[in-house]
1. Suppose every K and R has +1 on its Cβ and every D and E has -1 on its Cβ; what is the size of the dipole of the chain about the Cα centre, in Debye to the nearest 20?
2. Pop out the ³J(HN,Hα) list for segment 52-63 in order, Karplus 6.51 cos²θ - 1.76 cosθ + 1.60 with θ = phi - 60°, rounded to Hz; leave Gly and Pro as x.
3. Extending each Cα 7 Å along its Cβ direction at THR50 and THR81, get the distance between those two points in nm, one decimal.
4. Sort out for me the Cα centre separation of segment 31-98 from segment 130-159, rounded to whole Å.
5. Connecting C-alpha atoms closer than 10 Å in a GNM of the chain, tell me which of ASP131, ASP79, ASP159 has the biggest fluctuation.
6. What is the set of long-range amide H partners of MET142 at a cut-off below 5 Å, with H atoms built 1.01 Å from backbone N?
7. Answer with one residue from ALA49, VAL151, MET133: the one whose Cα lies farthest towards the positive end of the charge dipole of segment 23-168, charges on Cβ with Lys, Arg +1 and Asp, Glu -1.
8. Under 1.5 on a/c is rounded, so check that first for segment 46-114, then, if it is not, pick prolate when a/b is larger than b/c and oblate when it is not; a ≥ b ≥ c are the square roots of the alpha carbon gyration tensor eigenvalues.
Amino acid sequence: MRFWRAFIVCILLAAPAAAQQSGPDILIIDSERLYFETLYGRRLARELATQASEVQAENDRIVETLTEEERSLTLRRPDMTPEEFRAEADAFDDKVQEVRRVRDAKNAELQSANVAARAEFEERVQGVIVDVMLERGASIVMDRRSVILSVRAANITDDLIVRIDATLGDGTR
């Protein structure tokens, strides 16, 4: 009984202070939506998707070429001495290993570009997020993935999308 009385007193004392605030002290954003629904984030995602498609098309062409080379070697094998075949097979294996090394490096480069673009985006939109946080009198902004439960008014993602589009456009300015 004592606990409940103390709890109610705390609630009553906190109510006037909470009523004076213009909004929640902790704001929530959906960083994925900011990235994929702003003009800036969509431009970056499109550019990265284009690069990924180009790498995949190049990979497909290389696989097709290597498959043809392997088929040719297999078809020519009956007419070759074991030494000739072994030399060509070893050369082909070396070529495949080099291609694999180059392709892995290209994929790692693409992943690095993705990480860098995301980091640049987050750095550039941070100022807009800070402005909204200060305007609303909040002291903390959290990503929705870290929040278990909140009131709808705490989520400022829609407002930020509009503000980021107005402030940064597609990020080229």
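1. On the way: 24 positive and 32 negative charges, 277 e Å.
Using only the charged Cβ atoms, the result is roughly 1340 debye.
2. Per residue, the Karplus-derived 3J(HN,Hα) values read 5, 5, 5, 5, 5, 5, 5, 4, 4, 5, 5, 4 Hz.
3. If labels sit at THR50 and THR81, their model points lie 5.4 nm apart.
4. Measuring centre to centre over Cα atoms gives 45 Å.
5. Per the Cα network of the chain with a 10 Å cutoff, ASP79 tops the list.
6. Under 5 Å from the amide H of MET142 lie the amide H atoms of LEU27, ILE28, ILE29, each far enough along the sequence or on another chain.
7. VAL151
8. Oblate shape, in that a/c is at least 1.5 and b/c is the bigger or equal ratio.
Every read-out reported here was derived from the displayed coordinates using simple, explicitly stated rules and does not represent laboratory data. Everything numeric in this text was worked out from a predicted model, so none of it was measured. Cβ atoms come from the backbone with ideal geometry, glycine included; neighbour counts cover every protein chain shown.
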